[in-house]
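One structure below.
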Ligand SMILES: Nc1ncnc2c1ncn2[C@@H]1O[C@H](COP(=O)(O)OP(=O)(O)OP(=O)(O)O)[C@@H](O)[C@H]1O
Ligand SMILES: [Mg+2]
């Protein structure tokens, strides 16, 4: 058949469908919602996984992070208010990593200090991290103003600090904090720098009412002033904890060595600790897990898409079967005037494909709109990959062909004489 | 019979039977029919209801196949042809006109006239001009963009006649073409057939009414699937009732 024949058949198919506007419209809804939900859900899923990956990368994809975790079976405060709970990573662990682990770029010790920060009348309880100069490189943080902590600060037990953006803004809303004095616990510290803002990591989400900014002070200075025992005030009760190190950030030379270092850390800690008072976070492994989650998500989505398109296709087939019966006489006329079976098949197949592709087109349009609305209203990131609308469109055309074949075949195999006699 | 004479026959039926099975019973809709229609002849077919007129027309029109016997259309033996080849014959050599007009509702007048050409493998380049000229001739020049539902019965039948002519067929077949029309409109249509016949078209016209049949050059009378009589120019040349 020639190209103009197809053009004519397309036009006449469209006109046949327009004879029953409402019916055609309703018929396309199945495919419409099928394709639009596929595109929308893919975009949302893609966006969520992108965000998760970004957050994991914030932890440093070439880092292995060891953290102290308070063992679950440890008796909490209750009556024994004076008891000191000792747990977590040890200085020995830090030295071991620093001195014996291969392929390590930095090993950064971090201790959290419980203290109030005060400037004149303003006070708050930020995270106070006692750490070393390599913290900046290991976490990939950037300076905003001033300088970071130096080795000399530690050696000389200087009372200097670096403020996170939030803390800096809160304490010094109108001026630069550089060179200003702040009070941490009972001691005065000079602000030497501020950090650039960053995205929040996934497991760093603020609890309700918690302030998320941080204050960084030299590790040695902290040991000197605050010691190892921290007093936590929780809902009226006092809790004393002794933790050598809250975190050890191990920066690894290359991505290949990450799992090696992770295994070595697991081995070291499981031998050195009777209780499970630590955890090992490997961002690269989290990344792999995020990929796997995304893959499963896609499989589930694919199934939902398949089912909705199947239902849509069956709906179209149903309507086309009714149409064929309704137009039996027209089929007889066309056959009497010389139409071959394949002409009839093509005619009805074109109508079915028009229906499903029409639904597919509107579905793509709707599917591209939903992510925009979601992004605007729900503050969620969405990513529409170009393949999604193309694939959705192609699949909807395929649905039309697959579910159109049987009705078209039914139409073509009618006996012309019988069809002409049909009322 | 020389081959030259042979080709002069547009239709040639040789002992054609068409048997329908109705459960246990066999219905002989056509029961050994033989005749030949020469080029340019105007035949009318008469007979009681159920005598096999439509069945005969369906066989001649290549919509139906004989159960037995041979049928040659313009020299082509049809019994060995497949469905596609029969379709080709219909779109190239035959023109159908029905009692109930049978126009396609979603197409306009011009498109309806063009339908037989749509299904030709190599449609003529001047198809649309031809269709316009035919519409003009049928007095439908100003109705070309109208849908069938916007036309009177007589106008619809004129569209159908134009459609049957658009492919320059060897044979025009009409089954009760005036059956649904009032007598004045029917007469106008019948005058058109006279005109076509005068132009040399070969026509087979099925009718119930004697005064309609009388316009034809040949009158074929059917009874119980057999030829009861064949009258040529109102002169009875063959009168036989074959009983089997
Ligand atoms: N599909 C069929 N199945 C069974 N019998 C059939 C079928 N078609 C026709 N017949 C029978 O064949 C015979 C001839 O039918 P046909 O339609 O040719 O009659 P007709 O002369 O055209 O009648 P009318 O004037 O009423 O149109 C009738 O007895 C009819 O019942
Ligand atoms: Mg009949």
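What follows draws every value from the coordinates through simple rules; no lab data is involved. For clarity, every value in this text was computed on a predicted model and none was experimentally measured. Positions of Cβ are generated from backbone atoms using ideal geometry, with glycine treated the same way; all protein chains shown enter the neighbour counts.
Things worth noting here:
- Chain B - percent relative contact order, Cα under 8 Å, separation 6 or more: 27
- Computed helical MRE - 222 nm, chain B, DSSP H runs ≥ 4 contributing -39500 (n - 2.57), nearest 500: -9500 deg cm²/dmol
- Largest-first principal axis extents, alpha carbons of region A:277-346, Å: 86, 19, 9
- Normalised alpha carbon radius of gyration of region A:314-423 [divisor 2.2 N^0.38 Å]: 1.46
- Counting beta carbons within 10 Å around each of A:355, B:72 and listing the fewest first gives the order B:72, A:355.
- Degrees between helix A:91-100 axis and first principal axis of chain A (Cα, 0 to 90, nearest 10): 70
- The simple Förster model, with R0 at 30 Å and r as the Cβ-Cβ distance, assigns residue A:326 and residue B:120 a FRET efficiency of 0.65.
- Rg in Å to one decimal, and Dmax rounded to a whole Å, for region B:3-232 via C-alpha atoms: 17.4, 54
- Average Cα contact separation per residue, region A:269-423, under 8 Å, 6 or more apart, as relative contact order %: 39
- With N counted as the residues of chain A, its alpha-carbon radius of gyration over 2.2 N^0.38 Å works out to 1.54.
- By the count of neighbouring beta-carbon atoms within 10 Å, fewest first, B:54, B:91, A:134, A:123 end up ordered A:123, A:134, B:54, B:91.
- Shape box of region A:364-423 [Cα atoms, principal axes, largest first, Å]: 64, 24, 11
- Tilt relative to chain A, helix A:21-58 - C-alpha long axis, 0 to 90 degrees, to 10: 20
- Relative contact order, percent, chain A [alpha-carbon distance under 8 Å, six or more residues apart]: 30
- Residue order, fewest to most surrounding Cβ atoms within 10 angstrom, among A:94, A:6, A:278: A:6, A:94, A:278
- Degrees, to the nearest 10: A:258-272 long Cα axis against longest axis of chain A: 50
- Across every direction, the projection of the convex hull enclosing the Cα atoms of region A:70-276 has a mean area of 12.9 nm².
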